[in-house]
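Derivation of every value follows stated rules applied to the coordinates shown; laboratory data play no part. All values derive from a computational prediction rather than experimental measurement. Glycine gets a Cβ as well: all are built from the backbone with ideal geometry, and neighbour counts include every protein chain shown.
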Amino acid sequence: MTKLAHISQFFKQDLWTIDPASVPTLQRIGIHALRLAIAVALEFRHRLLDARAAGLVYTTLLSLVPFLAVMFSVLKAFGVHQQIEPVLAQALEPLGPNGQEITRTIIGFVDNLKIGVLGIVGIAGLFYTTYSLIDKIEEALNAIWLVREGRSWGRKFADYLSAVLVGPLLVVTAFGLLASVHSTTLVQRVLDIQPFGYLMLLAGQLLPFVILSGLFTFLYKFIPHTHVRFDSALVGGITAAVIWGIAGEVFAMFVAQSAQYSAIYSGFAVLVLFLLWLYVGWLIVLIGAQFSFFHQYPAAYVSRLLWQQGTQAFRERLALSLLVVLTRRYLKGEGPMPAGNLAVELHLPVSLVTEQVRHLVDTELLGLMAKPEGISLTKPPELISITEVLDAIHKGRAADATISLGTDDGIHEMLCRRDTAIEQALAGQTLRSLVEIPLSRKT
């Protein structure tokens, strides 16, 4: 086997079959990191991250100045509003001189926006525009986390207000303290003493990364309307910060070598580059959120890989798990269940669940209901045998077993014995009994 074939086999099979607990710590971390990275890359198509990022760019263009104006007013009350411009300039640093020009323009808009003369309607519009930006961010993150419903209006008002008040204040204060500490006489003296000077310079270079990681972690922890573990939010935050740093360097090189854009777009070149960087930035935010989701629910990405590899055992387990959820719902007297809610219940990607549902609908085990809209069993669970489900998953029909392939070596008889053994082992087992067995064991 060639080296390329070995690499291909590792990424397609070995990476997903290795038990991380059986390898040393460094290898275990590497396996988890590779799995996460590949899973996010595969989800890029299925979750339409690029389309959501484009939507957030549009919302940002409409909301950026009002959002900064509200944030400016809040920070002014704490006396740290002067730090908005340096923070914004650092965010747009990959644009080079264009970033400084855009920063001055945006700050000019904010300075010219006098909240006191807007009136009640104007202030309401200002806050609504700010609200819509955070609402769109929550929508995008909720879609990644498979959240059924967003916050109520009351919760949105309280949580969004907290995000606008606390988030920018912490970030601006952190960057402000960092700048002031670097300018003190004591720090300058310490910098002259080695190795403390080297260590402080290193810490100064790492602090912006730490602050950025904290900002992303805060976003992934508190914006999705679901419980996000801190370690999962931190994984997404660190990943997004790393990608942001790499993307910033690459984009800066791109801007430096894109003199032809000025010739093509003339005065609009700055706007085009700004839109591109906004798109890249939101894409990084969504990718980090995807890392957080897969870290918290590793079964989600492993399931997708197993599905794409077409393993029969996984398809059987997925179909039975799906039918068990619908059976429990049926026994409780509840109505049909939307595919999205079913995916949330199983902690699996919507596209994967939808594909399995479509197959079970084709085999008439499930039905698509119109009113209320959703998925339901086509008959009572006590009338659906486990062997019927397995046969449907195998797409087998009785006539298939009688087709001769021109051989007379006992294969047909052996396969019939296997099928008979399975039927005998599962005789009398239905979806209802499958659901009720754990209950009887507990009692």
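Pairs from the table (332/379; 156/371; 136/221; 156/221) lying more than 25 angstrom apart at Cα are 156/371.
Highest mean packing comes first when the peptides 278-290, 374-386, 208-220 are listed by Cβ atoms within 10 Å, giving 278-290, 208-220, 374-386.
Applying 1/(1 + (r/R0)^6) with r as the Cβ-Cβ distance of residue 413 and residue 37 and R0 = 56 angstrom yields a FRET efficiency of 0.70.
Here the Karplus curve 6.51 cos²θ - 1.76 cosθ + 1.60, taken at θ = phi - 60°, turns the phi angles of region 214-220 into couplings of x, 5, 5, 4, 4, 4, 6 Hz, with x standing for Gly and Pro. Here r is the Cβ-Cβ distance between residue 358 and residue 105 and R0 is 35 Å; the resulting FRET efficiency, rounded to 0.05, is 0.10. On full extension, the segment bounded by residue 328 and residue 253 gains 21.3 nm, given 0.36 nm per residue less the C-alpha separation.
For region 238-254, backbone phi angles converted through the Karplus equation (6.51, -1.76, 1.60; θ = phi - 60°) give residue-by-residue couplings of 5, 4, 4, 5, 5, 5, 4, x, 5, 4, x, 5, 5, 5, 4, 5, 4 Hz, Gly and Pro being listed as x. Between residue 152 and residue 426, the contour length at 0.36 nm per residue exceeds the alpha carbon distance by 94.0 nm.
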